[in-house]
Amino acid sequence: MILKKLLASFVLLFVYSVTCAQIVNVESIRKVSDTSRWSGYANLSFDLTKNKNRIFNLKNKVHLQYLYEKNLVLFVNDINFKENNDSKLVSKGTQHLRYNYKLKSSFALEAFVQSQYDEISAIKLRVLLGTGPRFKILKSNNYNFFIGILSMYEYEKNDDTTESIIHRDFRNSTYLSFSLFPKNDIAIVSTTYYQPLYKNFNDYRLSNDTSIVISVFKNLAFNVGLTYLYDAMPVNDVPKEQYKITNGLTYSFN
């Protein structure tokens, strides 16, 4: 039970995938519960450093979940901005709203809307609308496996070197999410997304978000995470591969 409490706290307090990838890993903030109504957290931070350089950094995160009977609502708002001497190092933001309705214990319907921008990746605006089924394929005390098969409409405005380019497309968005509990003090959580264009399966995005949580003391855990994104046809000179490795400590309390 201690590990599961730590894992829930890790999920809500140590979310990083939204800020480093173009695919939002909603699974990383989905808290498994049969009784909670509201859960989540909000964070706002900014700092200004002036020496030989002027560095400004702003971060805002709001992750909320509302659960009532067969209804589940998830909301994400993440903004990350970093500037060095008027040169933007990071400038991205995401807002994601998702609704689940559980039809059976192993089957639910999902619908979501998302908007985001990422100036470094030349994405001026991306808007997604999607829906589809979510299945629980395996579940025990030691593991959980879920799969979602969704379809989505994508509006994307890119900033090219000379002009803005607008794309209007339909994509598949299939994901596999699992949680493993090999020991009482270890948890492994991973989600993989595959998002190809229906009209051209060579144009796809592949993303994986994996984290390992190890209990250190009663309410303290060490965690390691890897987020990886591959975009087969990115904008301009943006690299096809992007990744981020993180590690840290999480303290939970009730």
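The values are calculated or read from the model by the stated rules, or taken from the named source; none is laboratory data. A quick note: this is a predicted structure, and the numbers were derived from the prediction, not measured. Heads up, the Cβs are rebuilt from the backbone with ideal geometry, glycines too, and the neighbour counts pull from every protein chain shown. Surface accessibility is based on the protein's heavy atoms, side chains included, excluding ligands, DNA and RNA. Shrake-Rupley method; radii C 1.70, N 1.55, O 1.52, S 1.80 Å.
Tabulated results
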| read-out | value |
| --- | --- |
| Only one of PHE222, PHE201, PHE181, PHE217 that is under 30 Å from LEU125 (Cα atoms) and not charged (D, E, K, R) | PHE201 |
| Number of the exception - SER105 against (1) open to solvent by 40 Å² or more (accessible area, probe 1.4 Å); (2) in contact (Cβ under 8 Å) with a residue 40 or more places away in the chain; (3) polar (S, T, N, Q) | (2) |
| Subset of the range 213-225 (residues that are surrounded by fewer than 17 Cβ atoms within 10 Å (Cβ to Cβ) and either among the aliphatic types (A, V, I, L, M) or under 17 Å from the mean Cα position of the chain (by Cα) (or both)) | ILE214, VAL216, LEU220, VAL224 |
| Members of the range 180-197 found to be at pLDDT below 95, part of a strand (DSSP E or B) and either open to solvent by 60 Å² or more (accessible area, probe 1.4 Å) or of a type outside the set (Ser, Thr, Tyr) (or both), listed by number | LEU180, PHE181, PRO182, LYS183, ILE186, ALA187, ILE188, VAL189 |
| Filter pass, TYR155 being surrounded by 13 or more Cβ atoms within 10 Å (Cβ to Cβ), within 22 Å of the chain's Cα centre (by Cα) and closer than 30 Å to ASN223 by Cα | no |
| Whichever residue in the range 43-95 is of a type in the set (Gly, Ala, Ser) and open to solvent by 40 Å² or more (accessible area, probe 1.4 Å) and, among such residues, is nearest to ARG134 (Cα to Cα) | SER45 |
| Where a residue in the range 61-73 is hydroxyl-bearing (Ser, Thr, Tyr) and its partner, wherever it lies, is surrounded by 15 or more Cβ atoms within 10 Å (Cβ to Cβ) and at pLDDT below 90, with Cβ under 9 Å and at least six apart | TYR66/SER39; TYR66/GLY40 |
| Test: ILE137 is closer than 22 Å to GLN195 by Cβ, at pLDDT below 90, aliphatic (A, V, I, L, M) and open to solvent by 40 Å² or more (accessible area, probe 1.4 Å) | no |
| Pick from the range 226-247, criterion over 25 Å from LEU150 (Cβ atoms) and within 18 Å of the chain's Cα centre (by Cα), ranking: surrounded by the most Cβ atoms within 10 Å (Cβ to Cβ) | THR246 |
| Residue within the range 178-196 that is hydrophobic (A, V, I, L, M, F, W, C) and within 30 Å of LYS82 (Cα to Cα) present | yes |
| Within the range 120-137, tally of residues that are in contact (Cβ under 8 Å) with a residue 40 or more places away in the chain, assigned to a strand (DSSP E or B) and of a type in the set (A, V, I, L, M, F, W, C) | 1 |
| Lone unmet requirement of (1) open to solvent by less than 10 Å² (accessible area, probe 1.4 Å); (2) closer than 16 Å to GLU156 by Cα; (3) acidic (Asp, Glu) for GLU119 | (1) |
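Yes/no matrix, rows are residues, columns are (1) in contact with a helix residue (DSSP H, G or I) (Cβ under 9 Å, 6 or more places away or on another chain); (2) charged (D, E, K, R):
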site: ARG171; (1), (2): no, yes
site: TYR194; (1), (2): no, no
site: TYR204; (1), (2): no, no
site: ASN208; (1), (2): no, no
site: ASN223; (1), (2): yes, no
site: PRO234; (1), (2): no, no
site: VAL238; (1), (2): no, no
site: ASN247; (1), (2): no, no
